[in-house]
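Peer 1: Quick one: the structure is below, questions incoming.
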């Protein structure tokens, strides 16, 4: 765990009262709480990326379309979840759908969350829109990028 991650987790734990002093708090119990919180955060990201992988595995006869997808600017809603607009341009001769994996990262590029959004039935030569929404609350300098996209 990096120093920044440890500091952020300690700050978060302090804000939520997990590090409040009591007769039962020892340095090792506080460290255990920090490790547990870090593990849960890592599990959330691992679960989100695994789910994204499963969604792409289900697509048959897809064509790489990463260059055909653009993202808007990430916005954090009042519930703490981050959303970003997704626009897919269809250059095919017929209507197609798009599956787009959007990775939410912090300012240093660390993965915070990953979601897959489907933009269905985009007409030939047209564009379709969707919205990617984080699976949990994100804070700080949240950025979004297209990790992969498939037209099918």
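The values are calculated or read from the model by the stated rules, or taken from the named source; none is laboratory data. Source: prediction; values computed, not measured. Neighbour counts are summed over all protein chains in view; Cβ atoms, including those assigned to glycine, are modelled from backbone coordinates with ideal geometry.
Peer 1: Of everything in the stretch 111-152, what is part of a loop (DSSP other than H, G, I, E, B), in contact with a helix residue (DSSP H, G or I) (Cβ under 9 Å, 6 or more places away or on another chain) and at pLDDT 95 or above? Give them in sequence order.
Peer 2: 134
Peer 1: Go through the stretch 87-110 and count every residue that is free of Cβ contacts under 8 Å to residues at least 60 places away in the same chain and part of a strand (DSSP E or B).
Peer 2: Counting residues in the stretch 87-110 that are free of Cβ contacts under 8 Å to residues at least 60 places away in the same chain and part of a strand (DSSP E or B) gives 12.
Peer 1: To continue, here is another question. Being at pLDDT 90 or above and under 30 Å from residue 120 (Cα atoms): is that true of residue 64 here?
Peer 2: Working: at pLDDT 90 or above: yes; under 30 Å from residue 120 (Cα atoms): yes.
For residue 64, the condition - at pLDDT 90 or above and under 30 Å from residue 120 (Cα atoms) - is met.
Peer 1: On to the next question. Looking at (1) in contact with a strand residue (DSSP E or B) (Cβ under 9 Å, 6 or more places away or on another chain); (2) modelled with pLDDT of 95 or more, find the lone condition where residue 94 falls short.
Peer 2: Unmet condition: (1).
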